[in-house]
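First comes the structure, then the notes that go with it.
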Amino acid sequence: MNATLVRITDRIRARSAVSRAAYLERMEAAASGGTARARVSCANQAHAYAAFEASDKFVLREARKPNLGIVSAYNDMLSAHQPLAGMPALIKAHARRAGAVAQFAGGVPAMCDGVTQGEAGMELSLFSRDVIAMSTAVALSHNVFDGVLCLGVCDKIVPGLLIGALQFGHLPTVFVPAGPMTSGLSNNDKARIRQLHAEGKATRAELLEAEMQAYHGPGTCTFYGTANSNQMLMEVMGLHLPGAAFVNPGTPLRDALTAAAAERAARITRLGNEYLPLARVVDERAIVNAIVGLLATGGSTNHTIHLVAIAAAAGIRIDWTDFDELSAVVPLLTRIYPNGSADVNHFHAAGGMGFLIRELLDAGLMHDDVTTVMGQGLRAHTREPWLDGDVAAWKDAPVQSLDEDVLRTASKPFSADGGLRLLVGNLGRAVIKVSAVKPAHRVIEAPAIVFDSQEALGEAFKRDELKRDFIAVIRFQGPRANGMPELHRLTPFLGVLQDAGHRVALVTDGRMSGASGKVPAAIHVTPEVANGGPLGKVRTGDLLRLDAEAGTLEALVPAAEWAARDIAVTDLALNRHGCGRELFVNFRAQASGAEQGAVTFGSTLPAAAA
């Protein structure tokens, strides 16, 4: 095992000892006494089973066979979640084959950042994760289930489902994905047309046609953003069946994997001989494996927030220093857009998750001695699925990458490190994703131009005021200010300026997510400005230095002058109304910082490390 991996795992375990022990004690208490529904009153049980057909009612009342709860994020507006529509019926049929029954326990909301990008609804996006966690808890609170199947794919949905399910960690839980859409317009062409539109060289009709060629059918968007990073994480944490993440929807293999997930969930409940509660699967080693997987694939920066919150839900405390120190020893093994030109379908065809996990295990960079839903170590996930008749079967993943432009071995990586860095300095703590940033752009020293919104920068761009070297400071974008929306409207503008030869960068207490690209961006600056963060001291014209190589983020202002400055204030009233934002006032008031997971549950979950 890699010495750094072992050291950081031990550090996390020691840091989490008290909170993890308390969590496991609660889960053990919840598990005691056998099948939950056997302890529920007769009237309550009758309500739970009233609509079931007679044969299922008989199974349920006997309490000798498992009842699986299905929690789904289905809607038919999100391409990634539309394929979930038919899964409950398939799950119920195959649960019966395995001697169990399944009930649709509840649905959770699923919003699309792609639809809300740059709109008022985006200010609900991050907080939707906690709504989903609470909705999952509501669904499972009926307390008549022996196992759980979670159906979800996209950005906040999988983290929310997992945080909610961890509050029922005494129940076995299997995550069931839907898979990516087939490849459409290439990501490079899509980005090129977006930049042309930003420059006024492509019409809105041309832009819309390109976008619809890129996002064209059922399934997850094919670039490697947060949604597909979610699927990678569920694999390396052992919560999927092996190789389930990137099989396209609407295929026989996809249906066979869903059926196999139902049958596997039925076998690992407390009523059988393979009891595998979620609390045992998600431990310190699984969390470290998740961080390593994120780094090795150049995954979404959103998970520097979500993984902290997920870990806390299991009583485990991690912070950005853990990410940073692991990034120094974890090589980058993939090139998937925005860190390359390929999409996730190309990655899957090149060898996919089975190849990736085997490389990291063989390099001593992942823990094999974990518990997965397969009841084995992580080595079981070095296999890939295939269709044996109409049944899912598994074989070893390819020994060699089938496309070294997309997927490589640990001995021949794209980069020796994971491409995610921690930045510290007098502006706070931030993260930067450099896997898509050329080395020439990783150190920027330039005057600041301060904006209070991405729209303000866009207007300045259109007025031709930004044709120079500068560092854009976009403030009041943190969880407490406005819910921490993603700021992707900035990407085409800053990309155009960088391509024109200007040295530009972004510093913000907001998010950029998995689509962070070629322009250096210090994001998630914590503490945020609305909570007294020093980024609020920056004034237009101040010389700033962003050094991704040294890991520093500094305002080069004389110390005495800096200390004497006040934190800027602004009127946030515009972020308080419209599009449902009125209902999230308590979320904004209670949200922790980005490094603490931007959690809105107050003190009910353990805080991340200071």
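Where a number appears in this text, it was derived from the coordinates with a stated rule and is not lab data. Model, not experiment: these values are computed from the prediction. Here the Cβ positions follow ideal geometry from the backbone for every residue, glycine too, while neighbour counts run over all protein chains shown.
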Tell me, what ³J(HN,Hα) does each residue in the stretch 560-569 have, in order and in whole Hz, if you take phi through Karplus 6.51 cos²θ - 1.76 cosθ + 1.60 with θ = phi - 60° and put x for Gly and Pro? 5, 5, 4, 5, 7, 6, 8, 6, 4, 10
Against the longest principal axis of the chain, how steep is helix 204-214, in degrees 0 to 90 to the nearest 10, with axes from Cα atoms? 40
If exposed GluC sites (Glu not before Pro) are those in a DSSP loop with at most 10 other Cβ within 10 Å, what is the longest stretch of the chain that has none? 54-548
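Which whole-number percent of Cα pairs in the stretch 373-438 have a distance greater than 18 Å?
Values: 1375 of 2145 pairs.
The answer is 64 percent, as a whole percent.
With an 8 Å Cα cut-off and a minimum separation of 6 or more residues, compute the relative contact order for the chain in percent. Can you show the working numbers first?
Working: 1379 pairs, mean separation 90.7, N = 610.
Computed value for the chain: 15 percent relative contact order.
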For a quick check: with amide H placed at 1.01 Å from N, whose amide H comes under 5 Å from T552's, ignoring anything fewer than 5 positions away on the same chain? V424, D547
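May I ask you to work out the translational diffusion coefficient for the stretch 446-494 at 25 °C, viscosity 0.890 mPa s, via Stokes-Einstein with Rh from the Kirkwood sum over Cα pairs, reported in whole µm²/s? Present the calculation step by step, with values, prior to reporting the outcome.
Numbers: Rh = 11.4 Å.
Once the numbers are plugged in, D ends up at 216 µm²/s.
Give me the tail of P(r) for the chain as a percent: Cα-Cα pairs with distance above 37 Å.
Values: 57645 of 185745 pairs.
In whole percent, the long-distance tail amounts to 31.
What's the extension gain from H502 to V569 if we count 0.36 nm per residue and subtract their Cα-Cα distance? Spell out each step's value before the answer.
On the way: separation 67, 0.36 × 67 = 24.12 nm, distance 3.01 nm.
Additional length available on full extension: 21.1 nm.
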Could you give the nm distance between label points at E459 and A29, where each point is 7 Å from its Cα heading toward the beta carbon? 5.5
Output the 0 to 90 degree angle, nearest 10, between the alpha-carbon long axis of helix 157-166 and the longest principal axis computed from the alpha carbons of the chain. 50
Between W394 and residues 5 or more places away or on another chain, which pairs have amide H atoms under 5 Å apart, with H built 1.01 Å from N, and which residues are they? W386
Label-point gap, in nm, between A22 and A349 - each point 7 angstrom along Cα→Cβ: 5.1
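Multiply the residue separation of K201 and T182 by 0.36 nm, subtract the distance between their alpha-carbon atoms, and state the gained length in nm to one decimal. It would help to have the intermediate numbers written out before the result.
Numbers: separation 19, 0.36 × 19 = 6.84 nm, distance 2.88 nm.
Taking K201 through T182 to full extension adds about 4.0 nm, to one decimal.
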From the phi angles alone, apply the Karplus equation (6.51, -1.76, 1.60; θ = phi - 60°) to the stretch 186-193 and give each ³J(HN,Hα) in whole Hz, x where the residue is Gly or Pro. 4, 5, 5, 5, 4, 5, 4, 5
What three numbers, in Å, describe the spread of the alpha carbons of the stretch 61-215 along their principal axes, ordered from the longest? 68, 31, 19
Rule-of-thumb check for the stretch 420-575: C-alpha Rg over 2.2 N^0.38 Å? 0.94
Taking a temperature of 20 °C and a viscosity of 1.002 mPa s, what whole-number D in µm²/s does Stokes-Einstein yield for the stretch 236-379 with Rh from Kirkwood over alpha carbon pairs? 131
With axes computed from alpha carbons, what is the tilt in degrees of helix 87-97 against the longest principal axis of the chain, rounded to the nearest 10 within 0 to 90? 30
If I take every Cα pair under 8 Å that is 6 or more residues apart in the stretch 420-575, average their sequence separation and divide by the length, what percent do I get for the relative contact order? 32
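Among bridges DSSP assigns within the chain, what percent are antiparallel (round to 5)? All intermediate terms of the calculation are to be shown ahead of the outcome.
Working: 25 of 55 bridges.
Here the share of antiparallel DSSP bridges comes out near 45 percent.
Computed over the Cα atoms, what is the radius of gyration of the stretch 1-141 divided by 2.2 N^0.38 Å, N being its residue count?
Numbers: Rg = 20.2 Å, N = 141, 2.2 N^0.38 = 14.4 Å.
So the Cα radius of gyration is 1.40 times the expected 2.2 N^0.38 Å.
Based on the mean of other Cβ atoms within 10 Å per residue, sort peptides 79-85, 98-104, 219-225, 565-571 so the most packed one is first. Please list the in-between numbers first.
Working: 79-85: 23.1, 98-104: 21.6, 219-225: 26.6, 565-571: 12.4.
Descending mean neighbour count gives 219-225, 79-85, 98-104, 565-571.
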Under the rule a/c < 1.5 gives rounded, and otherwise a/b versus b/c splits prolate from oblate, where does the stretch 147-217 land using the Cα gyration tensor? prolate
Convex hull projection area averaged over all views, the stretch 210-294, Cα basis, nm²: 6.7
Efficiency of FRET from Cβ geometry, E209 and D10, R₀ 45 Å, rounded to 0.05: 0.25
Counting DSSP beta bridges with both partners in the stretch 408-544, what percentage is antiparallel, nearest 5? 45
